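> Quick one: the structure is below, and I'll ask about it shortly.
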Amino acid sequence: MAVDTSFYKSFMSEEIRDEGRAQGRAQGRAQGRAEGLLLILEARGITLTDELRQKITTCTDPELLHRWLHRAATATTTEEVFAERH
């Protein structure tokens, strides 16, 4: 008995795989930026509360992490890094 594998070669299947790959790349970018942010803050001697550390490590938005990372390069306090700017 032959198994129908046509779905796995279909356009829809390709789209599902592509979407999964894109999500994986975004998660990888977010994780890398979170690790970089923690490293920079540690190197600059900026102490994090457990709450802020969790905020960083659970953030899944690569762009937000990028903004925090950019600010961390010159910040002297956690308030400067995480301030909400409008």
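> So I have (i) 0.92; (ii) 1.28; (iii) 1.21, and one of them is Rg/Rh (Cα atoms, Kirkwood Rh) calculated from this model. Which one is it?
From the options (i) 0.92; (ii) 1.28; (iii) 1.21, the structure gives (ii).
> What number comes out for the charge environment of Gln31, summing +1 per Lys or Arg and -1 per Asp or Glu over other residues with Cβ under 15 Å away? Intermediate results must be reported in sequence, preceding the final value.
Working: positive: Arg25, Arg29, Arg33, Arg53, Lys55; negative: Glu35, Asp61, Glu63.
The answer is +2.
> To the nearest 10 degrees, how steep is helix 62-72 against the longest Cα principal axis of the chain, on a 0 to 90 scale?
Taking the Cα atoms of the chain, the angle to 62-72 is about 20 degrees.
> Let me know the charge dipole size of the chain about its Cα centre in debye, to the nearest 20, where only the beta-carbon of Lys, Arg (+1) and Asp, Glu (-1) is charged.
Details: 12 positive and 14 negative charges, 50 e Å.
Approximately 240 debye in magnitude.
> For the chain, set up a GNM with springs between Cα atoms under 10 Å and report which of Ala75, Ala30, Ala43 has the largest fluctuation.
Ala43
Coordinate-derived values only; no laboratory data. Please read these numbers as outputs of a predicted model, since none were measured by experiment. Ideal geometry is used to build each Cβ from the backbone, glycine not excepted, and the neighbour counts take in all protein chains shown.
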